[in-house]
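Working notes, beginning with the structure itself.
The values are calculated or read from the model by the stated rules, or taken from the named source; none is laboratory data. Just so it is clear, the structure is predicted and the values come from calculations on it, not from any experiment. Note that we place each Cβ from the backbone using ideal geometry, even for glycine, and neighbour counts take in every protein chain shown.
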Amino acid sequence: MALAALAGCGGYTGTYGGGGGGGGGGGGGLVGSVTIGPGIEFVSGHNGSTNAAVDTVPVGGTVTWTWTGSLPHSVQSLGSASFASSATMTGSGTYAVTFTVPGTYEYDCAVHGQLMTGRVVVR
């Protein structure tokens, strides 16, 4: 599974949460949020950008993705600056990543590919 393969590749910690709650942790606290769905989109809670949803966070900051709707989605890390990808989930739930290394982290949905993209810039 991708989680094991990516575990040593970047500066992050990842957590899953139950329906609608926060994940989070780390020194920076919750500083970014992305809504997944209800259609085929990632939506930045910070600036409303979609496909690509773009969030900028400080080192130690956490981004939480929140599932809505009934379509299956995931958060799949892409590129050399990487983080652990989430499982594919349907319905409600959260996935949080704390970023500890500066860089630009690209991601998409493993189910929908380039139709659903995002980027986290860590400074």
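Does the range 91-113 include one or more residues that are out of contact with any strand residue (DSSP E or B) (no Cβ under 8 Å at 6 or more places or on another chain) and either over 20 Å from H46 (Cα atoms) or at pLDDT 95 or above (or both)? Yes, there is a match, as at least one residue in the range 91-113 is out of contact with any strand residue (DSSP E or B) (no Cβ under 8 Å at 6 or more places or on another chain) and either over 20 Å from H46 (Cα atoms) or at pLDDT 95 or above (or both). For the range 42-56, filtered to residues that are touching a strand residue (DSSP E or B) at 6+ places or on another chain (Cβ under 9 Å) and over 17 Å from Y105 (Cβ atoms), the residue that is surrounded by the most Cβ atoms within 10 Å (Cβ to Cβ) is V43.
Condition check ((1) of a type in the set (S, T, N, Q); (2) surrounded by 18 or more Cβ atoms within 10 Å (Cβ to Cβ); (3) within 11 Å of the chain's Cα centre (by Cα)) across all residues:
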{"site": "V63", "(1), (2), (3)": "no, yes, yes"}
{"site": "P72", "(1), (2), (3)": "no, no, no"}
{"site": "S77", "(1), (2), (3)": "yes, yes, yes"}
{"site": "S85", "(1), (2), (3)": "yes, yes, yes"}
{"site": "T104", "(1), (2), (3)": "yes, no, no"}
{"site": "V121", "(1), (2), (3)": "no, no, no"}
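Please work out if A2 is closer than 16 Å to E106 by Cα, modelled with pLDDT under 50 and among the hydrophobic types (A, V, I, L, M, F, W, C). The answer is yes for A2. Going by the structure shown, is T68 closer than 16 Å to G45 by Cβ, surrounded by fewer than 21 Cβ atoms within 10 Å (Cβ to Cβ), without any contact (Cβ under 8 Å) to a residue 40 or more places away in the chain and not basic (K, R)? Against the criterion (closer than 16 Å to G45 by Cβ, surrounded by fewer than 21 Cβ atoms within 10 Å (Cβ to Cβ), without any contact (Cβ under 8 Å) to a residue 40 or more places away in the chain and not basic (K, R)), T68 qualifies.
The set of residues in the range 63-101 that are touching a Ser or Thr at 6+ places or on another chain (Cβ under 7 Å) and aromatic (F, W, Y) comprises W65, W67, F83, Y95. Among the residues examined, S82 qualifies as modelled with pLDDT of 95 or more, in contact with a helix residue (DSSP H, G or I) (Cβ under 6 Å, 6 or more places away or on another chain) and closer than 19 Å to A52 by Cβ.
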